[in-house]
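Asks: Structure provided below as structure tokens; questions to follow.
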Amino acid sequence: KAGVTQTPRYLIKTRGQQVTLSCSPISGHRSVSWYQQTPGQGLQFLFEYFSETQRNKGNFPGRFSGRQFSNSRSEMNVSTLELGDSALYLCASSLVSGEDTQYFGPGTRLTVL
Amino acid sequence: KNQVEQSPQSLIILEGKNCTLQCNYTVSPFSNLRWYKQDTGRGPVSLTIMTFSENTKSNGRYTATLDADTKQSSLHITASQLSDSASYICVVSSFNDMRFGAGTRLTVKP
């Protein structure tokens, strides 16, 4: 089975721009979660989607949004980018619930200049 | 104050030795506790997941323990290998929240 894939792997944007990141879960997995990882804050939970519905949300501003499609693929969007948004964005998939074993993708490294 | 505290921050051990990493948490109510291994530049890999009723779980040379009364968990690595060099992250979930420890950076030297 193919693992979780994330595209793009690397991205450079400037302040004020918006960005869309994509995540394809493992086949058959219906739960997709997104995380932000920075050296200063470590790993932080962004949101979880299941069956095209946001099930849980972390403590991030409304500039961070996401969605899930009927094939379980998910996208996250960050609008009006700030320098502090520079981070590794990780996507994880699991069968049904975020409480099942999660399988992480390699991440998208976003740099905001 | 972070609700999940890991210690030590970093650890250096010789190949073949055992080590124990600690995770103390204040997250409440408690749903589950996970340990992840993250190699540099890669996504985390799940090692163990424990719910309230489980006090020990093993995955090969990795054994996690949980004391839900004292809100402490440990990850014991037996017969360390060079490939164990990584960051180990403790994650504690409440029913609608998830809190991450800052991780322990383990280096295994030959």
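The values are calculated or read from the model by the stated rules, or taken from the named source; none is laboratory data. The structure displayed is predicted, hence computed values, not measured ones. Don't worry about glycine lacking a Cβ; one is built from the backbone with ideal geometry, like all the others, and counts go over all protein chains shown.
Asks: Of all residues in the stretch A:50-64, which are modelled with pLDDT of 95 or more and in a strand (DSSP E or B)?
Replies: A:64, the sole residue that qualifies.
Asks: Sort out which residues of the stretch A:94-113 are of a type in the set (Asp, Glu) and either free of Cβ contacts under 8 Å to residues at least 12 places away in the same chain or within 14 Å of residue A:37 (Cβ to Cβ) (or both), and write them in order of number.
Replies: Looking only at the stretch A:94-113, we keep the residues that are of a type in the set (Asp, Glu), and these are A:99-100.
Matches in the stretch A:94-113: A:99 only.
Asks: Tell me, which strands (runs of 3 or more DSSP E) lie completely within the stretch B:23-110 with 1 or more residues that are out of contact with any Phe, Trp or Tyr (no Cβ under 9 Å at 6 or more places or on another chain) and within 11 Å of another protein chain (Cβ to nearest Cβ)? Break it down into steps so the answer makes sense when it comes.
Replies: Numbers: elements: B:32-38, B:45-51, B:56-59, B:62-67, B:72-77, B:86-93, B:98-100, B:104-109.
In the stretch B:23-110, the matching strands (runs of 3 or more DSSP E) lie at B:32-38.
Asks: Considering only residues of the stretch A:39-48 that are over 15 Å from residue A:61 (Cβ atoms) and touching a residue at least 24 places away in the same chain (Cβ under 8 Å), which is farthest from the other protein chains (Cβ to nearest Cβ)? Please lay out each step first, then the result.
Replies: Of the residues in the stretch A:39-48, the ones over 15 Å from residue A:61 (Cβ atoms) are A:39-40, A:42-43, A:48.
Applying the additional criterion that residues be touching a residue at least 24 places away in the same chain (Cβ under 8 Å) yields A:43, A:48.
Numbers: A:43: 4, A:48: 9 Å.
Top of the filtered list is A:48.
Asks: Identify all residues within the stretch A:83-107 that are at the interface with chain B (Cβ under 9 Å from one of its Cβ atoms), assigned to a loop (DSSP other than H, G, I, E, B) and of a type in the set (Ser, Thr, Tyr); write none if there are none.
Replies: Within the stretch A:83-107, just A:101 meets the criteria.
Asks: Can you go through B:61, B:34 and tell me which one is free of Cβ contacts under 8 Å to residues at least 60 places away in the same chain and surrounded by fewer than 16 Cβ atoms within 10 Å (Cβ to Cβ)? Write out each step before concluding.
Replies: Details: B:34 fails: surrounded by fewer than 16 Cβ atoms within 10 Å (Cβ to Cβ).
Checking each option against the conditions leaves just B:61.
Asks: Among the numbered criteria (1) in a loop (DSSP other than H, G, I, E, B); (2) at the interface with chain B (Cβ under 9 Å from one of its Cβ atoms), which single criterion is violated by residue A:80?
Replies: (2)
Asks: Only residues that are surrounded by fewer than 16 Cβ atoms within 10 Å (Cβ to Cβ) and over 16 Å from the mean Cα position of the chain (by Cα): list them for the stretch A:1-29, please.
Replies: Hits for the stretch A:1-29 are A:1, A:2, A:12, A:14, A:15, A:16, A:17, A:27, A:28.
Asks: Out of all the residues in the stretch B:12-35, which are under 15 Å from the mean Cα position of the chain (by Cα) and under 12 Å from residue B:84 (Cα atoms)?
Replies: B:18, B:19
Asks: Related question: Could you list, in sequence order, the residues of the stretch A:71-83 that are touching a residue at least 40 places away in the same chain (Cβ under 8 Å) and exposed (fewer than 14 other Cβ atoms within 10 Å of the Cβ)? First the steps, then the outcome.
Replies: Start the filter on the stretch A:71-83 by keeping residues that are touching a residue at least 40 places away in the same chain (Cβ under 8 Å), which leaves A:72-83.
Residues satisfying the conditions are A:77, A:80, A:82, A:83.
Asks: Turning to a different aspect of this structure: As an exercise: evaluate residue A:67 against (1) farther than 23 Å from residue B:45 by Cα; (2) among the charged types (D, E, K, R); (3) assigned to a loop (DSSP other than H, G, I, E, B) and give the number of the one condition it does not meet.
Replies: (3)
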